[in-house]
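**Student:** Got a structure for you, questions after.
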Amino acid sequence: MTTDVSQFIDVDRGEIQGEIFHSAAIYEQELERIWARSWVFLAHDSMIPKKGDFLQTYIGEDPVVVVRQKDGGVRAFLNQCRHRGMRICRADRGNAKAFMCSFHGWVYDTAGNLIDVPHEETAYNPETFDKSDWGPRQVARLEEYRGFWFGTWDAEAPSLLDYLGDMAWYFDAHFDRYANGYEAIAVHKWVIEANWKLNAEQPASDMYHGDVSHASAKQVMGIGPTKEREGHQFSGTFGHGTGWWDLGGNTKRESVGDDWVAQNHDQVVERVGERRADGIRGHANIFPNFMFLHNGTIRVTHPRGPGEFEVWAWTMVPSDAPAEFKEEIRKKVLRTFSPGGIFEQDDAENWVEEQRIMRGFMARRSPLVYTMRMGDAKRDQNNLPGLTVDHPYADEGSRGMYRHYVDMMSAESWAQVIEAKVSRGEPVTYREIGLEGIAR
Ligand code: FES
Ligand SMILES: [Fe+2]
């Protein structure tokens, strides 16, 4: 039995009922229809640079090991021993030649092949037992964009590039700035007692909460209330969203990296154009759970039941930046968006409170208002690719996220998801948008 979530989500009216944040049945359906099908961020190149380097992560609730292979490629497989279902790898990260299950000692190589079974000759019938049948389940597709590896369990998913679509152009504003790319230098992991979607919709859409929720944090940091100025919000076909203030979105402060940034500015302009070099950063979510901010934070949120998620947040820095600049970025992220960060705590407080209130029946059946700037979005306007609104205070990113969410939760297959989008006239393939095109 599947639940028809469109009874709780009316994107055309801009109304959503909190049932989708509370219901255990809907959560179970998400595990199958969202998490077992979507492209999910697994690792950045810099997290597993050498052969045998691995980390463990999750696609939804399913634990996954991601390993750098001998040939330089990357593989990912379910972190579950085929014998009795234990975790094959219990370390967060490291370097390995093989993984031995700590229950009965089955051994898997770094590609996920079962290579050794204790007492195999005497314990199993060689006629019927073949080790090659019993490797862990492989992530069906693994693709990389700008050094960021994503995986999906669904072989029928569109390509990662098609899935990103116009969002790739916005992603590049953050991570295609330097020839030698970015590296992850720190990670924090913590738990928040709220539904994962309450978190995801925020970087996809909600710039509106800043002045009120973060009032005291802004005061402490000497940042005044946000001045109304140019800014935009983007909503992608597959549920991605981003919003930003144009030039000058970040308060200028002295940094030990100022000289390095100035020296490298031409490079950035050459790579992403003037508009993206200094603007179009803000906050963003690639559906379902890969978020990034202008300050170098990237994060995934792993769902843990309808009322809890784990945040895994890394700090990304330009690989070529001087060490003291990298350290400064790390500390800034630590102070703002780590578990003890002054902005992070405000956000978590909101999500936890929302979640608690949704326990009430009337509370979760009273429609919430997602109508901000409804009807204003246009495609490919103002030299911005995709569907955008001329202000970051909008619910377009959220509406787009939940429109895609309904598609995924309602469809039996990716083919049906695509069909729904095509019938609404939404683009479903990647468009090459060069500097000569829309992106000036
Ligand atoms: S559960 Fe892994 S060896 Fe038995
Ligand atoms: Fe916030």
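The values are calculated or read from the model by the stated rules, or taken from the named source; none is laboratory data. Predicted model only: the values in this text are computed from it and were never measured. Reconstructed Cβ throughout: ideal geometry from the backbone, glycine too, with neighbour counts over all protein chains shown. Heads up: the accessible areas ignore ligands, DNA and RNA and are worked out on the full protein's heavy atoms, side chains in. Shrake-Rupley method; radii C 1.70, N 1.55, O 1.52, S 1.80 Å.
Yes or no, residue by residue, for (1) open to solvent by less than 10 Å² (accessible area, probe 1.4 Å); (2) more than 16 Å from ligand 2 (Cβ to nearest atom); (3) over 19 Å from ASP62 (Cα atoms):
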{"position": "PHE150", "(1), (2), (3)": "yes, yes, no"}
{"position": "LEU160", "(1), (2), (3)": "yes, yes, yes"}
{"position": "TYR163", "(1), (2), (3)": "yes, yes, yes"}
{"position": "ALA168", "(1), (2), (3)": "yes, yes, yes"}
{"position": "ARG177", "(1), (2), (3)": "no, yes, yes"}
{"position": "ILE185", "(1), (2), (3)": "no, yes, yes"}
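**Student:** How do the pairs read when you match residues in region 365-381 that are open to solvent by less than 80 Å² (accessible area, probe 1.4 Å) with residues anywhere that are part of a loop (DSSP other than H, G, I, E, B) and modelled with pLDDT of 95 or more, using Cβ under 6 Å and keeping only pairs 6 or more apart or on different chains?
**Tutor:** Final answer for the pair search is PRO367/GLN17; TYR370/GLY14; TYR370/ASP395; THR371/GLY14; MET372/ALA394; MET372/ASP395; MET374/GLY14.
**Student:** Here's another thing I want to ask about it. Filter region 350-364 down to the residues that are open to solvent by 50 Å² or more (accessible area, probe 1.4 Å) and in contact with a His (Cβ under 9 Å, 6 or more places away or on another chain), then identify the one that is nearest to ligand 2 (Cβ to nearest atom).
**Tutor:** ASN350
**Student:** What is the number of the single condition among (1) of a type in the set (S, T, N, Q); (2) under 27 Å from the mean Cα position of the chain (by Cα); (3) within 16 Å of ligand 1 (Cβ to nearest atom) that GLN69 does not meet?
**Tutor:** GLN69 satisfies every listed condition except (3).
**Student:** Separate question: Report, by residue number, each residue of region 192-223 that is in contact (Cβ under 8 Å) with a residue 60 or more places away in the chain and either basic (Lys, Arg) or within 16 Å of ligand 1 (Cβ to nearest atom) (or both).
**Tutor:** LYS197
**Student:** For residues in region 94-112 being within 29 Å of the chain's Cα centre (by Cα) and not in a strand (DSSP E or B), which is nearest to LYS131 (Cα to Cα)?
**Tutor:** GLY112
**Student:** How many residues are open to solvent by less than 90 Å² (accessible area, probe 1.4 Å), assigned to a loop (DSSP other than H, G, I, E, B) and more than 30 Å from PRO158 (Cα to Cα) when one looks only at region 113-145?
**Tutor:** Number of matching residues: 6.
**Student:** So, in region 314-349, how many residues would count as being among the β-branched types (Val, Ile, Thr) and either open to solvent by 40 Å² or more (accessible area, probe 1.4 Å) or outside the structural domain of ASP12 (by TED's automatic domain parsing) (or both)?
**Tutor:** Count: 1.
**Student:** Still on this structure, I have one more. Select the strands (runs of 3 or more DSSP E) contained entirely in region 259-321, then report the ones holding at least 3 residues which are more than 22 Å from SER205 (Cβ to Cβ).
**Tutor:** Working: elements: 283-286, 290-293, 297-303, 309-318.
Here the list reads 309-318.
**Student:** Quick check on my filter: what residues within region 193-215 are more than 16 Å from the chain's Cα centre (by Cα) and away from ligand 2 (no atom under 13 Å from the Cβ)?
**Tutor:** Of everything in region 193-215, those that are more than 16 Å from the chain's Cα centre (by Cα) and away from ligand 2 (no atom under 13 Å from the Cβ) turn out to be GLU193, ALA194.
**Student:** Scan region 406-422 and tell me whether some residue there is of a type in the set (Lys, Arg) and within 24 Å of ASP4 (Cβ to Cβ).
**Tutor:** yes
**Student:** Is it the case, given these coordinates, that PHE292 is open to solvent by less than 10 Å² (accessible area, probe 1.4 Å), in the same structural domain as ASP407 (by TED's automatic domain parsing) and aromatic (Phe, Trp, Tyr)? Steps first, answer last, please.
**Tutor:** Details: open to solvent by less than 10 Å² (accessible area, probe 1.4 Å): yes; in the same structural domain as ASP407 (by TED's automatic domain parsing): yes; aromatic (Phe, Trp, Tyr): yes.
When the stated conditions are applied, PHE292 passes them.
**Student:** State whether one or more residues within region 128-143 are touching a residue at least 24 places away in the same chain (Cβ under 8 Å), of a type in the set (Asp, Glu) and either touching a strand residue (DSSP E or B) at 6+ places or on another chain (Cβ under 9 Å) or not assigned by TED's automatic domain parsing to the domain that holds ARG82 (or both).
**Tutor:** Yes: one or more hits.
**Student:** Same structure again: What single numbered condition from (1) near ligand 1 (Cβ under 10 Å from one of its atoms); (2) open to solvent by less than 80 Å² (accessible area, probe 1.4 Å) fails to hold for MET100?
**Tutor:** With respect to (1) near ligand 1 (Cβ under 10 Å from one of its atoms); (2) open to solvent by less than 80 Å² (accessible area, probe 1.4 Å), MET100 is out only on (2).
Conditions tested, residue by residue: (1) closer than 22 Å to ASP53 by Cβ; (2) of a type outside the set (D, E, K, R); (3) within 16 Å of ligand 2 (Cβ to nearest atom).
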| site | (1), (2), (3) |
| --- | --- |
| CYS89 | yes, yes, no |
| ARG93 | yes, no, no |
| LYS97 | yes, no, no |
| MET100 | yes, yes, no |
| PHE103 | no, yes, no |
| TYR108 | yes, yes, no |
| VAL117 | no, yes, no |
| GLU127 | no, no, no |
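Per-residue answers, yes or no, for (1) more than 20 Å from the chain's Cα centre (by Cα); (2) more than 11 Å from ligand 1 (Cβ to nearest atom); (3) open to solvent by 40 Å² or more (accessible area, probe 1.4 Å):
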| residue | (1), (2), (3) |
| --- | --- |
| GLU61 | no, yes, yes |
| VAL74 | no, yes, no |
| GLN80 | yes, no, yes |
| ARG84 | yes, no, yes |
| ASP92 | no, yes, yes |
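**Student:** Which ones in region 257-289 are surrounded by 23 or more Cβ atoms within 10 Å (Cβ to Cβ) and modelled with pLDDT of 95 or more?
**Tutor:** HIS283, ALA284, ASN285, ILE286, PHE287, PRO288, ASN289
**Student:** For region 254-303: of the residues being out of contact with any Leu (no Cβ under 7 Å at 6 or more places or on another chain) and of a type in the set (Asp, Glu), which is farthest from ALA323 (Cα to Cα)?
**Tutor:** GLU274
**Student:** Restricting to region 203-240, what's the tally of residues that are β-branched (Val, Ile, Thr) and open to solvent by less than 30 Å² (accessible area, probe 1.4 Å)?
**Tutor:** Residues that pass the stated criteria total 1.
**Student:** How many residues, within region 45-59, are within 27 Å of GLU32 (Cα to Cα), away from ligand 1 (no atom under 16 Å from the Cβ) and touching an Asp or Glu at 6+ places or on another chain (Cβ under 7 Å)?
**Tutor:** Counting residues in region 45-59 that are within 27 Å of GLU32 (Cα to Cα), away from ligand 1 (no atom under 16 Å from the Cβ) and touching an Asp or Glu at 6+ places or on another chain (Cβ under 7 Å) gives 1.
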